[in-house]
Amino acid sequence: MVLVFSGSGRHQDQRGGGGHARFVIGAVFPEAHQQHRQLAGHRHHRALLFADARADQDVRKRVKSGCQLTTDGFIPYLPAVNAAFGQDVHFAQQTKVYAQNFPMPKRLRHELKPQGVMEVRTRIRTGNPDRALISTSHVERTNLSVRLFNRRYTRLTLGFSKVLENLKHSTALLIGFFNFCRVHSAHGMTPAQAAGITDHAWTIGELLATRA
């Protein structure tokens, strides 16, 4: 999940009528490095629960029965995955514990980077997943790509979206480009080619001319 700010007043809170925090939930197929799903919405507890359910239902339609699924430790994933997959999934959650130096020096408080991974905690939720394949690193790297290639997701900048609909459209263009146009260094082709969806890397013109 990627959190991002959008709205008209970056330093005003929701009660003051200013900006709001939004979220994007993504799913990644690691072998093809393909982004399966990106769902944007409001950062609100009920909205997150609803969005998790929608995202997992969508992923369920795109994968084979008995697939393996890994998420981070975000609690709303549990009922969402159960509702979408039931027992027909090998599901694990992985949480990374980062080192924190407290009290943190004042000069470092503005830095958002973690201080290093101290521990990785894995919990099997459903089925019998292959422990060698349990990892959140692929989706974490994809989240980094989202922030890198779409300035609306970059922290501490003025490039944030003022309208949620514009954020959704921008995200859709990014995912389309990432899957169909951009050649991935891991396998020398686009994720769509690696997944067998297309036989060539699309041009931007092809992407814009194709209707979902």
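The values are calculated or read from the model by the stated rules, or taken from the named source; none is laboratory data. Keep in mind that this is a model prediction, so the values were computed, not measured. A quick note on method: Cβ atoms are made from the backbone with ideal geometry, for glycine too, and the neighbour counts reach across all protein chains shown.
Among the residues of the stretch 166-197, those that are among the hydroxyl-bearing types (S, T, Y) and under 19 Å from the mean Cα position of the chain (by Cα) comprise S170, T171, T190. Tell me whether the stretch 198-209 contains one or more residues that are within 17 Å of the chain's Cα centre (by Cα) and either in a loop (DSSP other than H, G, I, E, B) or among the aliphatic types (A, V, I, L, M) (or both). No, because not a single residue in the stretch 198-209 is within 17 Å of the chain's Cα centre (by Cα) and either in a loop (DSSP other than H, G, I, E, B) or among the aliphatic types (A, V, I, L, M) (or both). From the list V89, V97, V63, the lone residue that is at pLDDT 70 or above and buried (at least 17 other Cβ atoms within 10 Å of the Cβ) is V89. The condition of being loosely packed, with under 14 Cβ neighbours inside 10 Å and more than 18 Å from S145 (Cβ to Cβ) holds for G196.
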